[in-house]
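For reference, the structure discussed in these notes is given below.
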Amino acid sequence: MNNNLYTLITGASEGFGRALALECARRGMNLVLVALPGPELHSLSQFIQKNFAVKVIAIEKDLSIAGNCVELFKNVTTLNLKVNILINNAGIGNTHLFSDGSISFYQKQVQLNVMATTLLTRLFLDSLEKNGPSYILNVGSLCSFFFLAKKQVYGATKSFIYFFSKSLRNELAGSNVHVSVICPGGMNTNLSVTMVNKKMSWLSQLAVMNPENVAPIAIDGLLRQKEVIIPGRINKLFLLLNTVIPAYLKKMIANHQMKQLNSMSPANNRTLLQPSFAVTYPANIKPLIN
């Protein structure tokens with residue numbers, strides 16, 4: 001790896017972002033790690049510097065605030081860091097009925113999931129072109145292909161990421177900047193999400209993966225310039241079935257799902273709002289085992 005180049009990862013302190021940071025460090029990539037203010041980001045940064053021969057810069061930013069995206073770019077520029085890989089991972093997930101969510105939550109979710117990815121990509125695009133060959137990895141979701149109850153706004157934001165990535169890739173064809181989008185299914189990113197995953201149907205549980213298993217697939221696909229990365233055989237099967245199942249049958253399944261949700265007690269049918277980065281993880285960071 002070129003010792004003067006950096007990989008910038010947003011939402012890097014927990015879950016998939018943390019797994020991506022460790023995977024990139026194993027491959028000898030210098031890192032700019034970005035996450036919400038807190039000790040987790042610096043613990044991860046220190047761990048990587050002690051265990052891998054790479055340079056690590058930790059920057060605390062709440063990217064749901066548009067001005068902070070600009071500040072992040074200015075920070076990187078001031079430090080004269082040459083970024084050749086941009087990984088837009090930061091985002092907020094949720095599992096709740098639309099009527100249970102607040103307007104302020106939806107505003108923050110769209111700002112972080114959609115606008116932060118868009119702004120950072122535009123801000124760093126010129127630098128990426130100068131430091132090529134360069135790569136952009138946008139983190140989407142398998143739910144962007146399906147109409148899932150309790151995932152309405154989240155799924156919509158990830159649909160944006162999917163189409164934005166594919167369109168931008170076409171625009172940059174022939175350049176030295178390569179765009180990929182990864183669309184993972186469920187992941188055990190933290191304790192609360194893991195608990196929810198365990199309550200899903202047995203088939204859905206089969207599709208759930210651990211972030212440390214998805215990260216190498218993501219980086220391999222990115223460096224191979226793959227357009228869309230779908231990790232896991234079960235997830236690939238879900239996509240295949242989605243193309244062959246008739247629309248009326250999909251509607252029947254969706255209606256059945258809603259009936260099940262409506263029959264649940266209010267206590268069990270409440271909101272789970274889960275930021276997908278910079279929440280908590282153990283202070284003793286252990287190396288991930290593939």
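Miscellaneous remarks
- Long-range neighbours under 6 Å by Cβ, at least six apart or interchain, first residue surrounded by fewer than 14 Cβ atoms within 10 Å (Cβ to Cβ) within the stretch 93-112, second not small (Gly, Ala, Ser): PHE98/GLN152
- Selected residue [in contact with a Leu (Cβ under 7 Å, 6 or more places away or on another chain), aliphatic (A, V, I, L, M) and closer than 16 Å to LEU120 by Cα] from ALA58, ALA35: ALA35
- Within the stretch 165-187, residues that are crowded, with 21+ Cβ neighbours inside 10 Å and assigned to a strand (DSSP E or B) reach partners that are at pLDDT 95 or above and basic (Lys, Arg) with beta carbons closer than 6 Å, at six or more positions or on different chains, in the pairs VAL179/ARG169; SER180/LYS226.
- Residue match in the stretch 30-48 (condition: without any contact (Cβ under 8 Å) to a residue 12 or more places away in the chain and more than 15 Å from the chain's Cα centre (by Cα)): yes
- Checking each residue in the stretch 130-157 for being part of a helix (DSSP H, G or I), touching a Gly at 6+ places or on another chain (Cβ under 8 Å) and under 19 Å from LYS236 (Cα atoms) picks out LEU142, CYS143, SER144.
- Of the residues screened, GLY155 is not one that is touching a strand residue (DSSP E or B) at 6+ places or on another chain (Cβ under 9 Å) and modelled with pLDDT under 95.
The values are calculated or read from the model by the stated rules, or taken from the named source; none is laboratory data. It should be emphasised that the depicted structure is a prediction, and the values quoted were computed from it without experimental measurement. When we count neighbours, we look across all protein chains shown, and the Cβ atoms used for this are built from the backbone with ideal geometry, even at glycine.
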